[in-house]
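*Asks:* Dropping the structure in here first, questions after.
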Amino acid sequence: MERCVLFAGKEYPDGSEFAIAATKYNRAAVITVATMPEDLEDGCISENIYPAKWSRNSPLSARSVILQAENACGAFQEAVIIFDTNWYSGDFEELTPSVCSKAIDTMITSYTHLVGEIVARFKKKGSGTIIFVLKKATGDEANGGFSKPVGVLPGMAEGAFRGLAESMATTFGQDESMKIVLAKADYGTTDNQFASWLFEVLDAPN
C-alpha cells in the first residue's frame with residue numbers, strides 16, 4: 001500500500017466499514033480502538049488494517065495514537081475524523097455532573113486533543129489531509145424521515161464537532177501544509193457507501 005489513512009472517532013469494530021473501504025482504494029488503514037483486539041496477527045486486525053488504542057480521557061493518548069499509526073505503516077497522509085451522532089445516542093442520557101463530564105471528555109475534548117496532535121504532525125511533515133466526517137442523527141423512514149431523539153449531550157456534541165471542523169477549515173484553509181475537507185453524510189447513507197464516495201472524491205484529479 002502506497003498510502004496510509006488514520007480513522008478516529010468511530011472505534012473498531014463499529015467503524016470497520018471505513019477501514020475496509022480504504023483498503024479497496026489502495027490504502028493501509030489505522031483505526032482507533034477502545035481496547036486492543038485479541039489474537040492480532042503481526043499487529044493487524046486484518047490485511048492492511050491496524051489498531052491504535054485511544055483512551056479518550058487522556059490527552060497523552062492522543063499523541064500515542066499518532067505514534068501507533070506511524071509505527072504501523074510508516075506515516076499517514078490522511079486523517080478521517082468521524083462523528084456519528086446516532087452511534088453516541090444510547091450513551092450519556094442523564095444530565096448529572098459525572099455523565100456530563102464524561103460526555104464532554106468523550107465527544108468534545110478528545111477530538112480537540114487528537115486534531116491538535118494531527119495538525120502538529122502534518123505541519124512538521126509539511127503535508128497532510130484532515131477529513132471531518134459528520135454523520136448527523138438520522139430519521140426513521142417509517143415516520144417520514146423525522147429525526148429520532150438522540151439526547152441532549154450527543155446533540156450538543158454534534159454541534160461542537162461541526163464547529164471544530166468549520167473553525168479548522170477557516171483557520172487552515174490557506175495553509176499549504178494541510179488540506180481540510182468537510183463532509184456530511186446524507187440521510188440513510190451507510191458507512192460503506194459514504195466511505196466509498198469519500199475516497200473516490202479524494203482520489204479524483206484536481
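The values are calculated or read from the model by the stated rules, or taken from the named source; none is laboratory data. Since the structure is predicted, the reported quantities are computational estimates derived from the model, not experimental observations. Cβ atoms come from the backbone with ideal geometry, glycine included; neighbour counts cover every protein chain shown. Ligands, DNA and RNA are excluded from the accessible area calculation, which covers all protein heavy atoms including side chains. Shrake-Rupley method; radii C 1.70, N 1.55, O 1.52, S 1.80 Å.
*Asks:* May I ask you to list the residues in region 12-33 that are in contact with a Phe, Trp or Tyr (Cβ under 7 Å, 6 or more places away or on another chain) and either modelled with pLDDT under 95 or assigned to a loop (DSSP other than H, G, I, E, B) (or both)?
*Replies:* Of everything in region 12-33, those that are in contact with a Phe, Trp or Tyr (Cβ under 7 Å, 6 or more places away or on another chain) and either modelled with pLDDT under 95 or assigned to a loop (DSSP other than H, G, I, E, B) (or both) turn out to be ASP14, GLY15, TYR25.
*Asks:* Kindly establish whether ALA120 is part of a helix (DSSP H, G or I), closer than 17 Å to ALA165 by Cα and not polar (S, T, N, Q).
*Replies:* It is true that ALA120 is part of a helix (DSSP H, G or I), closer than 17 Å to ALA165 by Cα and not polar (S, T, N, Q).
*Asks:* Do we have GLY74 as modelled with pLDDT of 95 or more and open to solvent by less than 60 Å² (accessible area, probe 1.4 Å) here?
*Replies:* The answer is no for GLY74.
*Asks:* If THR112 meets every condition in (1) at pLDDT 90 or above; (2) within 27 Å of LEU60 (Cβ to Cβ); (3) open to solvent by 50 Å² or more (accessible area, probe 1.4 Å); (4) outside any helix (DSSP H, G or I) apart from one, which number is that one?
*Replies:* For THR112, the exception is condition (4).
*Asks:* Which pairs turn up if I take residues in region 107-132 that are on the phi > 0 side of the Ramachandran plot and look for partners that are in a strand (DSSP E or B) and crowded, with 19+ Cβ neighbours inside 10 Å with beta carbon separation below 9 Å, at least 6 apart in sequence or on another chain?
*Replies:* Every condition considered, the pairs that remain are GLY128/GLU78; GLY128/ALA79.
*Asks:* Related question: Among the residues of region 43-65, which ones are assigned to a loop (DSSP other than H, G, I, E, B) and under 18 Å from ASP14 (Cα atoms)?
*Replies:* Correct list: ILE45, GLU47, ASN48, TRP54, SER55, ARG56.
*Asks:* Continuing with the same structure: Pairs, please: C-beta under 6 Å, at least 6 apart or cross-chain, first residue within 17 Å of SER101 (Cα to Cα) and in region 142-168, second modelled with pLDDT of 95 or more and assigned to a strand (DSSP E or B)?
*Replies:* PHE161/PHE83
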